[in-house]
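Novice: One structure, pasted below without further comment.
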Amino acid sequence: MSVRRPVAWTVAVVLFAEAVGVAALNWFLAIVVDRQDMSLAGLDPDMMSVSSKIGGVVFGLYFALCALVALLVALRDRAPAGLGRVLLISAAVVHGLLGAFTWGLVGPGAFVFMIVVLGLIVLLLMTYDAREESVAGPRPEGGNGGNGGKGDDGSPVSPPPAPTTP
């Protein structure tokens with residue numbers, strides 16, 4: 001078995017776990033804000049609590065959808081295409097940005113986690129891209145189907161170079 005399927009399974013499991021973790025963390029923060037009953041710069045605490053819950057659910061569903069794409073890649077053993085590819089690329093960008101922010105806000109441990117997930121997503125995308133190129137095979141020289149620079153009737157595709165005068 002190649003390295004592609006285990007990478008796709010790992011990405012799917014990690015993103016599912018991250019989806020649950022993000023949703024649970026935001027829900028917990030909403031409960032903390034709700035119980036403190038304090039305002040931050042005049043903001044309504046109930047609104048902050050509700051928005052934290054909504055944000056947790058939205059980001060949790062986003063990471064769960066990305067995990068579903070990785071799971072489908074693992075099951076089908078095919079490269080993600082279309083919206084699935086866009087979702088995985090956006091998840092990689094999100095993890096890169098979160099990694100940059102977590103170094104200063106949370107610490108190096110969270111940074112390492114974000115960068116490892118970023119690396120796994122990029123590895124998933126790159127290994128399936130490499131497979132697609134190797135299945136297609138190398139391109140013949142000239143790019144015309146291997147006729148050695150000749151057309152279907154045997155004539156050159158492009159005219160010979162013009163002679164130069166000394």
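The values are calculated or read from the model by the stated rules, or taken from the named source; none is laboratory data. Remember, predicted model here, so these are calculated numbers, not experimental data. In this analysis, Cβ positions are derived from the backbone assuming ideal geometry, glycine residues included, and neighbour counts consider all displayed protein chains. Ligands, DNA and RNA are excluded from the accessible area calculation, which covers all protein heavy atoms including side chains. Shrake-Rupley method; radii C 1.70, N 1.55, O 1.52, S 1.80 Å.
Novice: From the phi of every residue in region 19-29, what ³J(HN,Hα) in whole Hz does the Karplus formula 6.51 cos²θ - 1.76 cosθ + 1.60 yield, where θ is phi - 60° and glycine or proline is x?
Specialist: Values, residue by residue: 4, 5, x, 5, 5, 5, 5, 5, 5, 4, 5 Hz.
Novice: Round to the nearest 0.05 the FRET efficiency obtained for V116 and S51 when R0 = 22 Å and r is the Cβ-Cβ distance.
Specialist: After rounding to 0.05, the efficiency reads 0.15.
Novice: Give the calculated FRET efficiency between A17 and V86 to the nearest 0.05, with a Förster radius of 22 Å applied to their Cβ-Cβ distance.
Specialist: It comes to 0.50.
Novice: For region 75-135, what does the accessible surface come to per residue with a 1.4 Å probe? Please give it in Å².
Specialist: Per-residue value: 59 Å².
Novice: Suppose R0 equals 30 Å. What FRET efficiency, 1/(1 + (r/R0)^6) with r the Cβ-Cβ distance, do L105 and L61 give to the nearest 0.05?
Specialist: FRET efficiency, L105 to L61: 0.80.
Novice: Ordered by residue, what ³J(HN,Hα) values in Hz, to whole numbers, does region 3-8 give under the Karplus form 6.51 cos²θ - 1.76 cosθ + 1.60, where θ = phi - 60° and Gly and Pro are x?
Specialist: Per residue, the Karplus-derived 3J(HN,Hα) values read 7, 5, 5, x, 5, 5 Hz.
Novice: Then there is this: Using only Cα atoms, what Kirkwood radius does region 43-86 have, in angstroms? Please list the in-between numbers first.
Specialist: Details: mean 1/r = 0.0818 Å⁻¹.
Mean inverse Cα-Cα distance, inverted, gives 12.2 Å.
Novice: Under 4 °C and 1.567 mPa s, how fast does region 1-93 diffuse according to Stokes-Einstein, given a Kirkwood radius computed over C-alpha pairs? Answer in µm²/s, whole number. Each step should come with its number before you reach the end.
Specialist: On the way: Rh = 14.6 Å.
My calculation gives 89 µm²/s for D.
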